[in-house]
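> Structure provided below as structure tokens; questions to follow.
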Amino acid sequence: VLQNLSQTPVLRELLKEARMPGTTVKIESPELSMLCCFSFKQEPQLIKLDQPCPLTLAMHQFLTEMQETKKGVVTPKELFAQVCKKAIRFKGYQQQDSHELLRYLLDGMRSEE
């Protein structure tokens with residue numbers, strides 16, 4: 001799940017911009033702009049970002065480390081600790097489904113908005 005998220009350029013760019021409080025981010029939907037059969041154009045969304053919270057910062061740090069080619073092994077220790085604060089079911093290292101991790105991770109970051 002984390003490897004897939006690390007290869008999502010829009011997410012990486014948004015997290016990079018989210019580090020700076022008070023930044024306004026413009027989000028455009030590339031899928032809708034590619035549709036030629038519709039005569040309307042969807043306006044981009046403008047979102048003003050507040051101070052980033054711990055889970056969002058941990059996610060940004062982890063994705064940044066994954067993108068560094070000089071790093072050998074990357075451990076999501078801080079990210080996992082922040083996920084566990086939002087979803088205590090992940091504490092204790094029991095086996096969990098990857099889609100549950102994805103859901104709690106993204107919902108946790110959304111709740112920090």
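What follows is calculated from the coordinates using simple rules that are stated; it is not laboratory data. Every value quoted in this text rests on a predicted model; they were computed, and no experiment measured them. Backbone-built Cβ (ideal geometry, glycine too); neighbour counts: all protein chains shown.
> Would you kindly derive the ³J(HN,Hα) couplings of region 96-101 from the backbone phi angles with the Karplus curve 6.51 cos²θ - 1.76 cosθ + 1.60 (θ = phi - 60°), listing them in order in whole Hz, with x for Gly and Pro?
Karplus-based 3J(HN,Hα) across region 96-101 equals 10, 6, 5, 5, 5, 4 Hz.
> Got a sec to turn the phi values of region 79-86 into Karplus ³J(HN,Hα) couplings, 6.51 cos²θ - 1.76 cosθ + 1.60 with θ = phi - 60°, whole Hz, x for Gly and Pro?
4, 4, 4, 5, 4, 5, 5, 7
> Please work out how much length the chain gains when fully extended from Gln95 to Val1, using 0.36 nm per residue of separation minus the C-alpha to C-alpha distance, in nm with one decimal.
The span from Gln95 to Val1 would gain 32.4 nm if fully extended.
> Suppose each label sits 7 Å from its Cα in the direction of the beta carbon; what would the Lys86-Asp107 distance come out to in nanometres?
1.0
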